[in-house]
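Working notes, structure below.
The values are calculated or read from the model by the stated rules, or taken from the named source; none is laboratory data. Everything quoted here is computed from the prediction, not taken from an experiment. Virtual Cβ from ideal backbone geometry, glycine too; neighbours counted across all protein chains shown.
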Amino acid sequence: MTVNKYTNELIKEKSPYLLQHAHNPVNWYPWSKKPFQIAKEKNIPLLISIGYATCHWCHVMERESFEDAVLAAVLNENFVCIKVDREERPDVDSIYMQAVQALGQQGGWPLNVFLTPDGIPFYGGTYFPPEKRHNTSSFLDVLQFLITTWENEQDKVTKQTKALVDYIRQSSTREKITADLDDLSFDGEDKALELFENHYDKLNHGFQFQSQNKFPPSMGLSLLLRHHHRTGNPNSLVMTENTLKAMKFGGIYDQIGGGLSRYSTDYRWLVPHFEKMLYDNALFTTALIEAYQVTGKMEFADYANDLLHYIDRDMTSEEGAFFSAQDADSEGVEGKFYVWSKEEIENILGRKTASVAIPFYNVTQKGNFEGQNILHQTRGSETVAKETGMNPDDFSKELQIAREKLLQVRSKRIRPLLDDKILTSWNSLMISAMAKTGRVLEDQERINKAAKAMQFLLDQLRTSDGKMLRRYREGEARYDGYLFDHSATAVACLDLYEATYDPHYIHTAQELMQLVVEKFSSESGAFHETANDAEKLLVRQISGYDGVEPSGNSNAALAFLKLSVYLIDPELTKKAENIFLSFYDELMEYGLNSAYMLQALHLYLGGLKEVAIIGRRNDAGTQSFLTTLRKGFFPNSVFAFSYEDEVEENAKIIPLLEGRKMHQGKATAYVCRQGTCLPPVQTSEELVKLLSYE
């Protein structure tokens, strides 16, 4: 039994990140009123240290600084220290990240911010080393400087904090809408294409910005597919296909176990930051299955399925919900779980199978990562089969054997930490991805898994008054949900509806978005990140930034648009329009940061076609319509379906179905656009023509 020398108040928490620090000599507190009260009583500043369980540099700073008893003594005597899991409290993280960036620092995690007892930031940064490195002061030097400043220059600190708070509050509010509906156009989407083209890496694919790191641009790729669908521009599709393949074949993708890492540390997608995040994998799956819809190339469907098998195996709870992340580190070493030596592969696979795996995965004696090999592909299996003189079918069989054997051996290694908390918004992104994949591939088992995860959210993370909570772990649901949690869950319900045509998903989405209107509205037309009855922080932020995740406002716009069709409620369309107008400048000028909201705007500008289909069970015509709806890429359309004998009942929830019926005993499709209904059609070919009409 392990005896811990130190234990602090984090031991009472559920967050894996907070629990990682529960036995530090630093006297950590979780975010609450108590540490602020202590700071006021003692008149000393606070350190708020923010990170997450699978953050590599958070682990490094813990080992170097927060486990150091001497440094901890300095912290405990002169500061009140708070640990925050940014994934549980994105509202707290966002405010203090903005503060650090306003102070001229680069954002990132761990995020270490020093506050007055009133919670006002006056200094901050990210990782501080234990000793001075390059031009970075040591953490102890920083602490001693701040102690001296606090003791001798509190007036100076007060002036700086006032200016900083004014800036944060000003930058977090939205001006009243000045743009007009007539100003909304595809210009923003076209400008985004230009920006993507300007930053496109023609050699390695993906998009190269100022940093050497390459992050998965999945939302941008989904936007490019919509641009290609609208314009026929071949470059939009070429960039998308090449980038999806580059990520799938690179070291950023786990070639043995499946799953996408958080980012690549090089231009070539070769050396990843090995942690795997649920949201990255959800958005990548969505881009892959949409690429399959657009191109008809089965390889993209296969890639999506491969990724989802990883989610099934490693990231799904017994109850069917999805875990948050897997760490980059195991045994204190980044990437150790994932890399291989050439000898190890030869010993595991034997001569015949190794002769297939080694050239295919580019394994060398020297290795490509600290003497070891990150497996990656540079050629297709048919090409490598030809190089090795093997029959392509035999080569593929041996390759599958290699993958299974290596996975079996790897599963016995010490695994990276699994952050097993369940986050509402991230689960919703994966539910959407699974529902879409199941629908497109007509995979009922996959749809069932998405539905099971949604049921968990609604059973365990929804309160009796209809609000979503943020996090679930070990039987505890906690923290009021944010805008993203509510709007992403609504969008996931709408995606599940199109996979199942079960009307209760429409009803649930409607309830969630009604709550968004009641709790998150602002005068600007956009929506606050936090509810009106949430904990009062320095500022109540509004954001439309689609960074590594889509924003809550982007999801809200999409949900309002689709619900406006199902419910025949133009007021909901106006709410989406107000979001677009609130973020007009961002959408029109720099769509790289608004790729998900631009997808919602694409639906709006594309005419928002309303499709209602009525059919009969076990009928060829009905099945033809359903197959067309499931497999086709129709980003400007919203679909409702009902069997003839259920129309009256379903129309109580989905007014779009009201009065619809079969004509002459045949399955019938109704298409309306911008208040004009076209003549009903009775073949899928006629329906596709109507959906293609602008």
* To do: Could you list, in sequence order, all residues of the range 505-524 that are surrounded by fewer than 20 Cβ atoms within 10 Å (Cβ to Cβ) and of a type in the set (Gly, Ala, Ser)?
  => Ser521, Ser522, Ser524
* Asked: Hey, does the range 80-90 have a residue that's touching a Pro at 6+ places or on another chain (Cβ under 6 Å) and either part of a helix (DSSP H, G or I) or under 30 Å from Asp485 (Cα atoms) (or both)?
  -> yes
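Residue by residue, here is whether (1) under 30 Å from Tyr279 (Cα atoms); (2) in contact with a helix residue (DSSP H, G or I) (Cβ under 8 Å, 6 or more places away or on another chain); (3) free of Cβ contacts under 8 Å to residues at least 12 places away in the same chain holds:
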| site | (1), (2), (3) |
| --- | --- |
| Asp141 | no, no, yes |
| Val157 | no, yes, no |
| Tyr167 | no, yes, no |
| Gly188 | yes, yes, no |
| Lys191 | yes, yes, no |
| Gly206 | yes, yes, no |
| Phe209 | yes, yes, yes |
* Structure fact -> Flagged in the range 108-120 as surrounded by fewer than 16 Cβ atoms within 10 Å (Cβ to Cβ) and either among the small types (Gly, Ala, Ser) or not assigned by TED's automatic domain parsing to the domain that holds Asn43 (or both), in numbering order, are Gly108
* To do: For Asn27, indicate whether it is on the phi > 0 side of the Ramachandran plot and over 23 Å from the mean Cα position of the chain (by Cα).
  => no
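Condition test on Glu404, is it under 26 Å from the mean Cα position of the chain (by Cα) and surrounded by fewer than 17 Cβ atoms within 10 Å (Cβ to Cβ)?
no
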* Residues (of a type outside the set (A, V, I, L, M) and without any contact (Cβ under 8 Å) to a residue 40 or more places away in the chain) located in the range 306-335 -> Glu318
* Asked: Of the residues Asp502, Asp495, Asp459, which is more than 22 Å from His528 (Cβ to Cβ), surrounded by 24 or more Cβ atoms within 10 Å (Cβ to Cβ) and not small (Gly, Ala, Ser)?
  -> Asp495
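Can you tell me which residues in the range 117-145 are small (Gly, Ala, Ser), part of a loop (DSSP other than H, G, I, E, B) and at pLDDT 90 or above?
Answer for the range 117-145, where residues must be small (Gly, Ala, Ser), part of a loop (DSSP other than H, G, I, E, B) and at pLDDT 90 or above: Gly119, Ser138.
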* part of a loop (DSSP other than H, G, I, E, B) and of a type in the set (S, T, N, Q) - does that describe any residue in the range 533-548? -> yes
* Determine which single condition Ile48 fails, assuming it passes every other condition in (1) crowded, with 22+ Cβ neighbours inside 10 Å; (2) touching a His at 6+ places or on another chain (Cβ under 8 Å). => (2)
* Every residue from the range 14-73 that is out of contact with any Pro (no Cβ under 8 Å at 6 or more places or on another chain) and of a type in the set (Asp, Glu) -> Glu41, Glu62
* Asked: How do the pairs read when you match residues in the range 271-285 that are within 19 Å of Ile422 (Cα to Cα) with residues anywhere that are β-branched (Val, Ile, Thr) and at pLDDT below 95, using Cβ under 6 Å and keeping only pairs 6 or more apart or on different chains?
  -> Glu275/Thr54
